Amino acid sequence: MRYPSTVLDIGQTAPAIPGLDLGSDAALIVFFETDCPTCRLAVPYLNKLARGARVIGISQDDQAATNQFTQQLATAFPVQRDSGLALSRRFDLTFVPSLFLIDHNGRVLRSHFGFDKAVLNEIATQMRCPPVAEDFDGAPQSKPGCMSRHLEPKVEEEFGPAPPVSFSRGVPASVIEVPDGEDLFEYCFQTFGDALPVIPPTPERIARMLSGAAVNPNEVIARVPPCYGEATVEKIAANAVMAGCLPNMMRVLLPLVRAVCDERLNIHGVQATTHFAAPLVIINGPIRNELGFAYRQNAFSNVARANSTLGRALQLILLNIGGARPDAIDMSTLGNPGKFCYCIAEHEEANPWEPFHVERGFQRQQSALTLFAAEAPHGVSEHTARAPEQVLKSISYALATVWTYRACLGSEAVVVLSPEHARTIDRAGWTKLRAREFLFENTGVPVRAYDNAPDAEGSQLVSKYKEILIDGERCYQKFRTPDSIRIVVAGGTAGKFSAVIGSWAAGPRGSEMVTYPI
Amino acid sequence: MPTKLINPMNEAPLRVSLPPARLRSLQGKTVGLLDISKTGGNLFLDRLEQLLRERFHVANVVRTAKPTFAKPAPPGIIEQLRTVDAVVEALAD
């Protein structure tokens, strides 16, 4: 028996979309679900495509969820709802995101399920647009999607109303009773703390914290490695209370918990390694000023409640829900002060180039957070150089020591440029990309450093290293690509100090940087 | 009156597994050797395999390696080791 095809074939006429005038151009129809991570991953690329081509989004969810999705991701193309999932049935799709490229006669030119950078670039070419997806932008090359809403088992009636957005329901947190006479702060300090005092998570404080999130308190946002504890909204709120967050910080904390559990970041490994790594949070976009994140002087330190409490809340969540306690599962040899709090925001106002999250595929007005498995910052002072090459050279010498001097290709780095250094580089007409490429081409380890050191870390892998000339000297190139070096601008406008932050094991075999919308 | 607090910790019950009974002898047994892919793990396990065969007369040795030390073993590796009598994991460099 031959089963009917579940995909519209190329050349078939696509079902009519109510209210859509095809006009004279091709259009890309994209079906999505608002809670599908792959659909969310695809939006920044579709936004790019929408700059030069016609993209139409079809949401399988209700209006409230659709509005939240389009606002969070700042969709740059029109979106309409598939009421009753009628269109999804007519297009006969199986998974979301589903992409249908149709010509002006309504004929299907191509269809695709899921996320795939190569396919997106091919579609861009077909629509006479430049490529929209780069190879090494932090997102995977491809990712399968979710089952189309109309095929989910809970849709019982053939043309019933669209189901509500589903979520995984967790168990309400238990209530602990602390007897009279016991010192409440001392009890919390010893039971839930991270070796610093915490604010007692009373039901009243948690109710206030939950007022900052329009989400069911029992919704499971993620399961936090390495013990895979359920991070319900309520548990996240309890840890946010303990860290001293204000209720509006829940806006950042929910996507932050999702991001930290993204398999690409591999927090399981980050929390269990003997290395120094701790997740560094980088905040971008309007939320910086809305919630009071500091990005001027003392960007890494104790200057603002927003940075300090968000960073600490994340760490408490990793400890209390994820279970990586520093006296047991987390066996880091030396640790990292960032395990109390490691959160900065970009000084976008002093950044002469595009903000970091724009480089990562988001719109400027979209707030976003980035996570990087990071060592502690290593300072670079350069107060006398006046040319970009000289400033960047000083930074490249620090970059050469990341992980360990002789080890190449295995790590990445974030360079936090101070506003003064960024200005010196920009004033000479350099773009951020040019600065990154210069750092890439000028960071290396002299071949002579491997003489008489066959057992030293990094020496065993020299056959894999690329030899280049830096200032006439034979060197092994330190990093794999220019994308291994990311530039963020932060700090006060006085002081020519920048910082280099090394990574843990980088790439798909270790940890990959992730950026999520807020 | 006692003060009420909302429990901020993971409350999912942890699955506790007891270690299997200790083997009385290695003779005739199958031993799995898991290399987590850290530098030097193969040197250690090569020597261990030799000792297991020559001195302890094991019947068979199953050698396997994780693709990366930075992530948990994929299911295929675990399945491969499910049938052996004992496993030695070369954890660190």
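Each reported figure results from applying straightforward, stated rules to the coordinates on display, with no laboratory input. Note that the structure is predicted; figures quoted are calculated from it, not measured. Virtual Cβ from ideal backbone geometry, glycine too; neighbours counted across all protein chains shown.
A few remarks follow.
- Lacking any other cysteine beta-carbon closer than 4.7 Å, the following Cys residues of the protein assembly as shown have no compatible partner: A:CYS129, A:CYS188, A:CYS227, A:CYS245, A:CYS261, A:CYS341, A:CYS343, A:CYS408, A:CYS475.
- Separation between Cα centres of the stretch A:241-310 and the stretch A:30-104, rounded to whole Å: 29 Å
- Ranked packing of B:2-14, A:230-242, most packed first, by mean Cβ within 10 Å: A:230-242, B:2-14
- Working note: 222 nm ellipticity from helices only, DSSP H runs with n ≥ 4, each -39,500 (n - 2.57), summed and divided by the residues of chain A, gives -8000 deg cm²/dmol to the nearest 500.
- Sorted largest first, the spans of the alpha carbon positions of the stretch A:185-349 along the three principal axes are 38, 36, 33 Å.
- Taken over the C-alpha atoms, the stretch A:27-151 has Rg and Dmax values of 13.3, 39 angstrom.
- Once you reduce the stretch A:444-459 and the stretch A:462-495 to the center of their Cα atoms, the two points are 17 Å from each other.
- Rg(Cα)/(2.2 N^0.38 Å) for the protein assembly as shown, N = residue count: 1.06
- Counting Lys and Arg as +1 and Asp and Glu as -1 over every other residue whose Cβ lies under 14 Å from the Cβ of A:LEU310, the net charge comes to +3.
- Across chain A, the mean sequence separation of Cα contacts (distance under 8 Å, 6 or more residues apart), normalised by length, yields a relative contact order of 14 percent.
- Beta bridges by DSSP in the protein assembly as shown, antiparallel share as percent, to the nearest 5: 65 percent
- For the stretch A:438-518, radius of gyration divided by Kirkwood radius, i.e. Rg to Rh on alpha-carbons: 1.04
- DSSP loop chymotrypsin sites (Phe, Trp or Tyr not before Pro) with at most 14 other Cβ within 10 Å: longest gap in chain A: A:168-518
- Taking trypsin sites (Lys or Arg not before Pro) across the stretch A:1-83, the ones in a DSSP loop with at most 11 further Cβ atoms lying within 10 angstrom of their Cβ are A:ARG2.
- The P(r) of the stretch B:33-93 has a tail past 19 Å containing 29 percent of all C-alpha pairs.
- The stretch between A:VAL175 and A:ASP62, if pulled fully straight at 0.36 nm per residue, gains 37.2 nm over its current Cα-Cα span.
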